[in-house]
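The values are calculated or read from the model by the stated rules, or taken from the named source; none is laboratory data. As the structure is a computational prediction, the values presented were derived from the model and not from experiment. Quick reminder, even Gly has a Cβ in these numbers, built from the backbone with ideal geometry, and neighbours come from all protein chains shown.
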């Protein structure tokens with residue numbers, strides 16, 4: 001027997017199909033835009049164009065009685081998918097002629113990612129990895145740049161070994177997540193231009209558009225400008241930071257964050273609380289926290305050990321954190337609820353307006369996570 005909603009459901013299915021057809025048409029137009037960008041040497045991601053597009057789309061949605069927030073989410077997913085499709089094609093090149101670039105550690109995940117991106121931009125890429133050092137002089141001959149993308153523990157040794165092989169005018173850069181000591185090593189090993197780089201993303205990103213690349217100039221910064229321009233053509237955000245300031249911030253952003261994840265996971269293991277057992281009873285915010293913790297333990301332990309124990313300054317921060325944790329533990333030992341409230345209020349005052357921003361952004365993440373996976 002026909003159901004009372006069959007007619008409406010059929011119309012909804014037909015509308016959904018029309019939406020897919022329109023998205024396919026939009027993808028075809030985006031491909032034409034990509035070809036025009038390549039011909040003109042324009043970047044894949046243009047922030048000003050995206051901001052204007054989002055603003056006009058929100059306004060149009062409101063005029064139609066649709067939620068502008070929902071409309072922006074929908075548009076950003078479409079644009080993200082479009083950039084991902086563009087990122088599998090060739091890219092415009094930042095230099096009139098191809099550069100020859102040696103990627104040291106080019107068979108690793110980060111090195112291979114950037115090797116592919118450089119090749120897609122028309123540059124000539126050579127790879128030096130473990131077992132290739134007998135060929136290193138030939139691989140380094142005549143290159144325009146060398147990028148060191150190896151584990152932190154090996155970086156300074158590789159730089160010292162590589163430096164004497166490089167042409168004097170070649171750019172020497174690294175991808176290490178600490179910057180001060182690798183930059184010092186590069187300046188000591190190579191008389192030419194030196195640039196410290198830190199890609200602030202995982203190697204499994206679908207494309208580099210909107211990803212952050214931190215740069216720390218070392219010597220002759222103008223000689224490395226073409227590489228930063230190339231990153232901008234890929235759609236990356238490039239931010240210049242002083243090496244010492246970078247390392248201090250990374251002590252918190254990476255070292256402390258990963259150590260806290262270790263504490264979280266280790267305590268769950270000690271309590272024999274399996275993630276699957278707690279997931280169905282978790283609030284959306286704890287689910288998000290649990291996912292961020294679990295994400296780390298799906299990856300390489302040695303990589304995270306290198307990050308967490310990168311240098312003495314970072315290790316000292318972890319010890320200071322443990323001592324601070326012990327002081328706060330006294331609140332629980334003494335059942336000091338008033339002390340907890342005072343500390344909570346003091347931290348809220350310290351965070352200031354950022355707390356409101358955190359509420360908005362985390363709320364967005366939590367609601368989307370719950371809608372998609374719960």
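Summary of values
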| item | result |
| --- | --- |
| Strands (runs of 3 or more DSSP E) contained in segment 145-220 and holding at least 2 residues buried (at least 24 other Cβ atoms within 10 Å of the Cβ), assigned by TED's automatic domain parsing to the domain that holds residue 112 and out of contact with any helix residue (DSSP H, G or I) (no Cβ under 6 Å at 6 or more places or on another chain) | 145-148 |
| Selected residue (only one of 340, 321 is part of a helix (DSSP H, G or I), outside the structural domain of residue 77 (by TED's automatic domain parsing) and touching a residue at least 60 places away in the same chain (Cβ under 8 Å)) | 321 |
| Lone unmet requirement of (1) touching a strand residue (DSSP E or B) at 6+ places or on another chain (Cβ under 9 Å); (2) surrounded by fewer than 20 Cβ atoms within 10 Å (Cβ to Cβ); (3) at pLDDT 95 or above for residue 137 | (1) |
| Selection status of residue 251, without any contact (Cβ under 8 Å) to a residue 24 or more places away in the chain and out of contact with any strand residue (DSSP E or B) (no Cβ under 7 Å at 6 or more places or on another chain) | no |
| Among (1) closer than 16 Å to residue 233 by Cβ; (2) surrounded by 10 or more Cβ atoms within 10 Å (Cβ to Cβ), the one test that residue 40 misses | (2) |
| Residue list for segment 305-338, filter: more than 26 Å from residue 152 (Cβ to Cβ) and surrounded by 15 or more Cβ atoms within 10 Å (Cβ to Cβ) | 331 |
| Condition met for residue 245 (modelled with pLDDT of 90 or more, part of a helix (DSSP H, G or I), within 23 Å of the chain's Cα centre (by Cα) and loosely packed, with under 15 Cβ neighbours inside 10 Å) | yes |
| Some residue of segment 91-99 being modelled with pLDDT of 90 or more, closer than 20 Å to residue 231 by Cα and in contact with a strand residue (DSSP E or B) (Cβ under 9 Å, 6 or more places away or on another chain) | yes |
| Filter result for residue 329 (free of Cβ contacts under 8 Å to residues at least 60 places away in the same chain, part of a helix (DSSP H, G or I) and farther than 26 Å from residue 202 by Cα) | yes |
